[in-house]
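> Structure incoming, see below.
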Amino acid sequence: MTEALPPRGRFAPSPTGPLHAGSLAAALASYFLVKSRHGQWLVRVEDLDPPREIPGMAERQIQQLADFGLFSDLPVVYQSQRHALYEQALTRLLAEDKAFYCSCTRTQLADSNGIHRHCIAPLDKTHAAVRLRVPDIECRFHDGLQGAQVQALAGDVGDFVLKRADGLYAYQLAVVLDDALQGITQVVRGADLLDSTARQIFLQQQLGLPTPEYWHIDLVLDEAGQKLAKSQGHDALNDSMRLQELQRALRHLRQDPEVLDSGLSMAENLARALHAFDVNRLLSASAP
Ligand code: GLU
């Protein structure tokens, strides 16, 4: 009999700006959910898109996590160093005719809201993207917090891009491969990525990879009700108010901020928050 592997969660920021309150809430939710089940928590740097990244930002984000006592249980993985793995998977999908080269431009797809169903431009392999063939199916899954989900893949997203015409690997491809290769069993992240999940599950199925659990936490909004953005540096976590930032994140996750004590270190406070973590309170946050 094989022993069940311990659960594994991850936090996977793109280094496009400093972490903000929403990032901290997502990192903590994934940390609490996996650590309360005696699992491992990993950090992965999703540095796939150099034009959008800021030099040194990955190190700053890792330091921001460390300042809250959050450390990856295994060495941090950088997607920029994993192109060979992504290319291998693409080669396989292309060979199996599950993916195809395409040189349709965004302008050419404007009439269909950017949704690709069949090529409308002649193939120019020097400027081709690679897309996944998406059949007319519904993808259903259960989200730990957002409940039952369904997406009509063809109509909603169409044949989606796995590698861009400029040679950059798409988030959907890299995230699916890395979650599987790193043995991630639970993906906990902001609700802005709920819409990507059906694509990721379909791609897992095409590649014969397992589907992890998904938990999408409600986004942290600013006073104007707007989503926080990493690339707008002004939303960054305040380094001189860490305890308050931790309190705010706990409140967002419906946990008890009273367990924190300003006389203790951040590591001790994190341990207290983990000890007090109550998944039912988190579930009540998304209850209808
Ligand atoms: N890299 C993505 C971000 O920074 C998160 C991806 C994920 O958690 O799947 O928003």
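The values are calculated or read from the model by the stated rules, or taken from the named source; none is laboratory data. Just so we're clear, the structure is a prediction, and the values are computed from it rather than from any experiment. Here the Cβ is made from the backbone with ideal geometry for all residues, glycine too, and neighbour counts use every protein chain on show. Only protein heavy atoms, including side chains, enter the accessible area calculation; ligands, DNA and RNA are left aside. Shrake-Rupley method; radii C 1.70, N 1.55, O 1.52, S 1.80 Å.
> Using helices alone, I'd like the mean residue ellipticity at 222 nm for the chain: each DSSP H run of four-plus residues gives -39500 (n - 2.57), total over residue count, nearest 500. Kindly include the intermediate steps, with their values, before the conclusion.
Numbers: 9 runs with 97 residues, N = 288.
The per-residue figure over the chain is -10000 deg cm²/dmol.
> Also, I was wondering about something else. Answer rounded, prolate or oblate for segment 145-202, using the Cα gyration tensor with square roots of eigenvalues a ≥ b ≥ c: rounded when a/c is under 1.5, else prolate when a/b is larger than b/c, else oblate.
Working: a/c = 2.12, a/b = 1.15, b/c = 1.84.
Oblate, because a/c is 1.5 or more while a/b does not exceed b/c.
> I've got another one for you. For a quick check of understanding: with a 1.4 angstrom probe and all protein chains in place, what accessible area in square angstrom does V150 have, to the nearest ten?
80 Å²
> With a probe of 1.4 Å, find how much accessible area the chain has per residue, and write the answer as a whole number in Å². Can you show the working numbers first?
Values: 14200 Å² over 288 residues.
Using a 1.4 Å probe on heavy atoms only, each residue of the chain averages 49 Å².
> Shifting gears a bit: Would any residue of segment 4-26 have its amide N under 18 Å from a label point 7 Å out along Cα→Cβ of E59? List them or say none.
Backbone N within reach: 14-19.
> Keeping all protein chains in the complex and leaving out DNA, RNA and ligands, what accessible area do you get for E53 with a 1.4 Å probe, in Å² to the nearest 10?
40 Å²
> As a test of the definition: which semi-axes, in Å, follow for segment 172-221 when you take the square root of five times each eigenvalue of its alpha carbon gyration tensor? Largest first, please. Mind showing how you got there, number by number?
Values: eigenvalues 79, 25, 14 Å².
Semi-axis lengths for segment 172-221 are 20, 11, 8 Å.
> How much of the accessible area of the chain, probe 1.4 Å, is carbon plus sulfur, in whole percent? Before the final figure, lay out each step's value.
On the way: 7340 of 14200 Å².
In the chain, the share of accessible area belonging to carbon and sulfur is 52 percent.
> Can you return the lysines within cross-link range of K125? Criterion is Cα-Cα under 25 Å, with same-chain partners fewer than 8 residues away left out.
List returned: K98, K163.
> Jot down the per residue volume, in cubic angstrom and as a whole number, of the convex hull over the alpha-carbon atoms of the chain.
160 Å³
> Determine the distance separating the Cα centre of segment 120-158 from the Cα centre of segment 176-211; give it in Å without decimals.
Between the Cα centres of segment 120-158 and segment 176-211 lies a distance of 13 Å.
> Residues in segment 244-288 near a label at L221, defined as backbone nitrogen under 18 Å from the 7 Å Cα→Cβ point?
Flagged as within label range: 249, 251-254, 285-288.
> So what is the relative contact order of segment 1-139, in percent, for Cα pairs below 8 Å that sit 6 or more residues apart? Before the final figure, lay out the partial values.
Details: 158 pairs, mean separation 27.9, N = 139.
Result for segment 1-139 is 20 percent.
> Ok, one more. R0 = 41 Å: FRET efficiency of A4 with V259, Cβ-based, nearest 0.05?
Details: r = 30 Å, r/R0 = 0.74.
Efficiency for this residue pair is about 0.85.
> Which three semi-axes in whole Å describe the equivalent ellipsoid of segment 1-97, each the square root of 5 times a Cα gyration tensor eigenvalue, listed largest first? Spell out each step's value before the answer.
Details: eigenvalues 127, 101, 21 Å².
Listed largest to smallest, the semi-axes of segment 1-97 are 25, 23, 10 Å.
> State, to one decimal in nm², a quarter of the convex hull surface area for the C-alpha atoms of segment 72-164, i.e. the direction-averaged projected area. List each step's numbers first, then the result.
On the way: hull surface 35.0 nm².
About 8.8 nm², averaged over all directions.
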